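The values are calculated or read from the model by the stated rules, or taken from the named source; none is laboratory data. Every value quoted in this text rests on a predicted model; they were computed, and no experiment measured them. Virtual Cβ from ideal backbone geometry, glycine too; neighbours counted across all protein chains shown. Ligands, DNA and RNA are excluded from the accessible area calculation, which covers all protein heavy atoms including side chains. Shrake-Rupley method; radii C 1.70, N 1.55, O 1.52, S 1.80 Å.
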Amino acid sequence: MFNLLSKALKQKEIRVRIYWTLLILFVYRFGAYITVPGVNASALTKLMNQTSLLSILNLFSGGGLSAYSLFALGVSPYVTAQIVIQLLQMDIVPKLVEWSKQGETGRRKTTQITRYLTIILAFIQSIGITAGLNALGQPIGVTLLKDTSINSYLIIATVMTVGSMLSVWLGEQIQDKGIGNGVSMIIFAGIVAQLIPGLWQIFQQDVLQGPGLNGWISFGVLALALIIIVTGVTWFYGAVRRLPMQYTRSDRNYGDESYLPLRVNVSGVIPVIFASSLITTPQTILQAFVGSWGNKPWYTVASDIFSLQTWEGTLAYGTLIVLFTFFYAFVQVNPEKVSENLQKQGSYIIGVRPGEETKKFLSQLLNRLSGPGSVFLAAVAVVPLLAQNFGFIDANSKIGLGGTSLLIVIGVAVDLMRQIEGLTQKKNYIGLIHSHPFYDEEINKGEV
């Protein structure tokens, strides 16, 4: 990894992209400390353990919610909007289906609709979480809002919505001019910013303030488990299924060099991000009505289902991860398009007929790969939460969301390294062509 980074930093184009990404992330981290006007941010420290919504939103906003900052919502509304639009494109809304087949033009239209939906969701979430936290604080004598008038709610919601859209814009700048997936990098930066303080807090509790040798043993077991999980998740993200290929337009036998790489975890880290964002939206809306409907039976049931502090909500979270793994695998690798492209290129998977049979083969293979892949992702994310919910881990510990954090951090880091490696190899390949004697001869002839 360090060797790859060293090579990348020696190339100006890649170096500029890395510096640009770091600058954008610095701006985002700076905005996470700008408190929204009209809010008593210090009251949030007493409310952080009242609901799991705060924990997960704080995770995805990089600690922005703990300060009720400009970026308190982060990119969560945008991710939710993406989920809704992609689901509607599955033969539900004809216009969206039509746009999905129009290439770059359709993608721009879909992106614009997603942004409009993001504004609506961010505004609703802002009001919901503000009203909910204010209601939660009243029984324990904590006041979140300095002014509870409608104008105050509208101002706070507007500022938080602008902050959410600014987060999305920063992500798009990373996507266009930097390194990595923009939205994922924003979430990645937020989690990493909390990771070191979180580990230090655990070290303090187990070792510095713990019962001597037992504290060291407890921290050592945790560190060993962390190393094992990181190694396993990294291996899982890097696993590739190689499909041997043959080219009808070439007489050369490429042997093992010719293959179609298909990642075992085709969906990457997206299912975890999607599931986390989707489960927070109903929670946010429910928070707005906790004062008036909080004692209703249906409200209690709904709160349990969409809470990561209950076993029902944790299982619902795991189920969403499994479903999104299957769903997004077919978004990332469209069997029909892959089959068509292979036919156009005059290539085929060895042992599989081109056309419809290739499409069926890829569909079945994606389902087989997504099965164990979805279970693995769900297990890593859900097991720590279940351990926390059943009392095996301190309820106030940050370990509960540790599985989710690890999956996102490792997944984004692996994808980032792959992109840097791809840019490095691309540059080397171009340099090889430019330095070839034939290329120089053709330039001299004026034919290149």
Arg17 fails exactly one of (1) open to solvent by 70 Å² or more (accessible area, probe 1.4 Å); (2) modelled with pLDDT of 85 or more; (3) among the charged types (D, E, K, R), namely (1)
From the option list Ile174, Ile227, Ile179, single residue qualifying as open to solvent by 90 Å² or more (accessible area, probe 1.4 Å), modelled with pLDDT of 80 or more and over 20 Å from Ile56 (Cβ atoms) is Ile227
Filter the stretch 341-387 for residues that are open to solvent by less than 50 Å² (accessible area, probe 1.4 Å) and among the β-branched types (Val, Ile, Thr); the one that is nearest to Tyr247 (Cα to Cα) is Ile349
**Asked** Hey, does the stretch 58-66 have a residue that's at pLDDT below 80, open to solvent by 10 Å² or more (accessible area, probe 1.4 Å) and not in a helix (DSSP H, G or I)?
**Response** yes
Just to be sure, is Ile305 within 30 Å of Gly411 (Cβ to Cβ), surrounded by fewer than 20 Cβ atoms within 10 Å (Cβ to Cβ), within 29 Å of the chain's Cα centre (by Cα) and modelled with pLDDT under 80?
-> no
Exactly one of Thr325, Thr314, Thr281 is closer than 30 Å to Pro244 by Cα and not in a loop (DSSP other than H, G, I, E, B), and that one is Thr325
Residues in the stretch 182-224 that are modelled with pLDDT of 80 or more, of a type in the set (Ser, Thr, Tyr) and farther than 25 Å from Ala32 by Cβ total 0
By residue number, the members of the stretch 67-99 that are of a type in the set (Phe, Trp, Tyr) and open to solvent by 10 Å² or more (accessible area, probe 1.4 Å) are Tyr78, Trp99
Result of the Cβ filter at 6 Å on the stretch 304-326, keeping first residues that are more than 15 Å from Ala379 (Cβ to Cβ) and among the acidic types (Asp, Glu) and partners that are assigned to a loop (DSSP other than H, G, I, E, B) and open to solvent by 10 Å² or more (accessible area, probe 1.4 Å), at least 6 apart or interchain, is Asp304/Thr310
